[in-house]
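Notes follow the structure.
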Amino acid sequence: MTSPSRSALTLQQAAAQAPVLAWLSELAAESSARLVVILPVLPPALRPLVRPGAPDGDAWTLLVPHNSAAAKLRQLAPTLVSALTAAGHPVTAIRIKVMRTAL
């Protein structure tokens, strides 16, 4: 039960008040901005499979569901890095991880 004197916070308000949430929110926004930059470079069939991971300094992780998608992304990595750098996202390395699904 909530107290009548307390009002509900939006996610943005909570993130602004908590340093860890604010940091995570910034990482998510940066990752989403990077994804927007690379989507046009990706083959159309690969676009819905790629999920952004967290930026880590000058590296960025992309998540895919299977090895064939990972192999194609590895081939495209230099092109993706160039597109990101040209758009103002200083990335020098892209990590590709295959997501493991629970059975």
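Taking the condition of being surrounded by 11 or more Cβ atoms within 10 Å (Cβ to Cβ) and either without any contact (Cβ under 8 Å) to a residue 40 or more places away in the chain or over 14 Å from the mean Cα position of the chain (by Cα) (or both), how many residues in segment 72-89 meet it?
The total comes to 11.
What number of residues in segment 67-95 are part of a loop (DSSP other than H, G, I, E, B), out of contact with any helix residue (DSSP H, G or I) (no Cβ under 6 Å at 6 or more places or on another chain) and not small (G, A, S)?
Adding up the residues that qualify gives 2.
Kindly indicate whether W23 is among the aromatic types (F, W, Y) and either exposed (fewer than 12 other Cβ atoms within 10 Å of the Cβ) or modelled with pLDDT under 85 (or both).
Answer is yes for this residue.
Can you say whether L62 is in contact (Cβ under 8 Å) with a residue 12 or more places away in the chain, outside any strand (DSSP E or B) and hydrophobic (A, V, I, L, M, F, W, C), as far as the supplied structure shows?
Criteria not met by L62.
Determine, yes or no, whether E30 is acidic (D, E) and either touching a residue at least 60 places away in the same chain (Cβ under 8 Å) or open to solvent by less than 70 Å² (accessible area, probe 1.4 Å) (or both).
Answer is yes for this residue.
Pull up segment 54-71, narrow it to residues that are within 10 Å of the chain's Cα centre (by Cα) and open to solvent by 10 Å² or more (accessible area, probe 1.4 Å), then point me to the one that is farthest from V91 (Cα to Cα). Spell out the reasoning first.
Residues of segment 54-71 within 10 Å of the chain's Cα centre (by Cα): 54-55, 60-63.
Filter again for open to solvent by 10 Å² or more (accessible area, probe 1.4 Å), leaving 54-55, 61, 63.
Values: A54: 12, P55: 9, T61: 11, L63: 16 Å.
Restricting to residues being within 10 Å of the chain's Cα centre (by Cα) and open to solvent by 10 Å² or more (accessible area, probe 1.4 Å), the top hit is L63.
If the requirement is being surrounded by fewer than 16 Cβ atoms within 10 Å (Cβ to Cβ), free of Cβ contacts under 8 Å to residues at least 24 places away in the same chain and assigned to a helix (DSSP H, G or I), which of these qualifies: P48, P44?
None of the others qualify; the one that does is P48.
The values are calculated or read from the model by the stated rules, or taken from the named source; none is laboratory data. Because the structure is a prediction, the values reported are computed rather than measured. Note that each Cβ is placed from the backbone with ideal geometry, even for glycine, and that neighbours are counted across all protein chains shown. Side chains included, ligands, DNA and RNA excluded: accessible areas come from the protein's heavy atoms. Shrake-Rupley method; radii C 1.70, N 1.55, O 1.52, S 1.80 Å.
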